[in-house]
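The values are calculated or read from the model by the stated rules, or taken from the named source; none is laboratory data. This is a predicted model, so every value here is computed, not measured. A quick note on method: Cβ atoms are made from the backbone with ideal geometry, for glycine too, and the neighbour counts reach across all protein chains shown.
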Amino acid sequence: MKKKQSSAHAHAVEQLLQVAALLRDSYVGDKEVQFDAAINKLREPDQVHETELQITMDDGTEKSFTAYRSQHDNARGPYKGGIRFHPNVSKDEVMALSTWMTWKSAVTGIPYGGSKGGIIVDPRDLSMAELQRLSRAYARFVAPFVGPWVDVPAPDVNTTGQIMAWMVDEYEQYQQETMGTFSENPLATFTGKPLELGGSQGREEATGLGGVYVLEILCKKMGWKKPNDVTIAIQGFGNVGYWFALHAAERGFKVVAVSDSKQVLYDATGLSPRDVLATKKRTGSLTEDSSQVISAEELLALDVDVLVPAALENAITLENASTINAKVVIEMANGPTTPEADIVLENKGILVVPDVLANAGGVTTSYFEWVQNLQGYYWSHAEVLSKLEPLMKQAMTDAWDMQELKQVSLRMATYLKAVKSVVDTLILRGRV
């Protein structure tokens, strides 16, 4: 019998309720009633949009694709979140991811809420022309309920700057057809765009690099003084995993293992992320040396200082958490650790840097792109990174200090700050 997949949204709600139990005593009198109303509201998205997108395939046939956009909360600012093209996209998944986006925005203090969208599709099955038609159809679908001050989508799994370019162009056409003009710069509706179309310097590397900034603060707090003594294993070698690996290696950390959906590469002496990527581009594989290949299960069980899940959610489960031997888990994927696994890791004394903190560099740099679009003034690569670094390092420092103050896990400390920020804003607005 096939095992039922755990609900990502139930996971997100369970996390929220755990945080609420720790926060509730700080709200008294009328604030207590408002707090309970806010938590109840935050259990579900404000709205979830769903449709069937019809496009014409290259052979002339019509095909339908299920599409979603979940908008969780906008108390602190416009909804913000990516769009993913993947066969496993579901309503449950986008609801969970939009919830986590709300907390992620609050962690670094950027003025956004949370949203997420996606299409059930394997983009590898589409031609470039079909992919463009599908991307434009999605932009038409979301156009009535996105905008620079409403909801700001971005790339996510299997979506790119090119796809954002198609979408923003379609959104502009929709605006012209329905309004005849623009009230704001329509480029600010989508982030993660190519540089030629209002994108920001540093955006491609921002999520992975933000995680490395977090790692640097972590090393100071843990008393790890020499980067070359710190070993790292990374599950996932897409955009996030690659840039984390590259920036970590350039700072002297020893990346000993990386993986993609097909293969796990391990070298105890350390890997060159640039060379691994070059090999993958040339051969389609991370390595041609079979002696360096280990299993996915062995990757999770490696005796390393830092394990970085940078693939999809629910990678660390009750079934495999007990095999993990890393001292620290830095969650660069969204929701990679189930609640049951989280308990196992905590009981083992493994520190977990939660996703809403570790991978917040992406949404933070999306915010920078949005700001640049709105003001029509663009920053250099160095300027973008100079603004990202202090935000990420301060967020990590704040979470660490909260952990020590409240004697809770780093995940709970991070969520305490984020959820309190959203709840307080809901109360100030009078929405609860």
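Quick look at the values:
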{"item": "Test: residue in region 73-92 that is more than 13 Å from Val150 (Cβ to Cβ), in contact (Cβ under 8 Å) with a residue 24 or more places away in the chain, in a helix (DSSP H, G or I) and out of contact with any Phe, Trp or Tyr (no Cβ under 9 Å at 6 or more places or on another chain)", "result": "yes"}
{"item": "Residues located in region 246-295, provided they are under 19 Å from Val230 (Cα atoms) and of a type in the set (Val, Ile, Thr)", "result": "Val255, Val256, Val258, Thr269"}
{"item": "Considering residues of region 214-238 that are in contact with a Gly (Cβ under 7 Å, 6 or more places away or on another chain) and surrounded by fewer than 24 Cβ atoms within 10 Å (Cβ to Cβ) only, the residue nearest to Ala382 (Cα to Cα)", "result": "Pro227"}
{"item": "Leading residue by the ranking (surrounded by the fewest Cβ atoms within 10 Å (Cβ to Cβ)) among those in region 150-169 that are closer than 13 Å to Pro186 by Cβ, of a type in the set (A, V, I, L, M, F, W, C) and over 16 Å from the mean Cα position of the chain (by Cα)", "result": "Val150"}
{"item": "Hits in region 29-48 - residues which are of a type in the set (Val, Ile, Thr), in a helix (DSSP H, G or I) and crowded, with 17+ Cβ neighbours inside 10 Å", "result": "Ile39"}
{"item": "Positions within region 30-66 being acidic (Asp, Glu), over 27 Å from Pro123 (Cα atoms) and more than 28 Å from the chain's Cα centre (by Cα), in sequence order", "result": "Asp30, Glu32"}
{"item": "Matching option when the condition is among the basic types (Lys, Arg) and under 24 Å from the mean Cα position of the chain (by Cα), among Arg282, Arg274", "result": "Arg274"}
{"item": "Subset of region 177-231 [touching a Pro at 6+ places or on another chain (Cβ under 6 Å) and either over 18 Å from Ala139 (Cα atoms) or part of a helix (DSSP H, G or I) (or both)]", "result": "Ala188, Thr189"}
{"item": "Matching entry among Thr287, Thr283 (being of a type outside the set (Asp, Glu), crowded, with 19+ Cβ neighbours inside 10 Å and more than 25 Å from Lys327 (Cβ to Cβ))", "result": "Thr287"}
{"item": "Complete set of residues in region 63-94 that are surrounded by fewer than 24 Cβ atoms within 10 Å (Cβ to Cβ) and aliphatic (A, V, I, L, M)", "result": "Ala75"}
{"item": "Matching residues, region 306-333, being under 13 Å from the mean Cα position of the chain (by Cα) and either free of Cβ contacts under 8 Å to residues at least 60 places away in the same chain or surrounded by fewer than 24 Cβ atoms within 10 Å (Cβ to Cβ) (or both)", "result": "Ala311, Leu312, Glu313, Glu331"}
{"item": "Any chance Lys80 is closer than 16 Å to Phe141 by Cα, at pLDDT 95 or above, not polar (S, T, N, Q) and not assigned by TED's automatic domain parsing to the domain that holds Asn314", "result": "no"}
{"item": "Residue under evaluation Ile119, criteria (1) part of a helix (DSSP H, G or I); (2) more than 22 Å from Leu388 (Cα to Cα), criterion not met", "result": "(1)"}
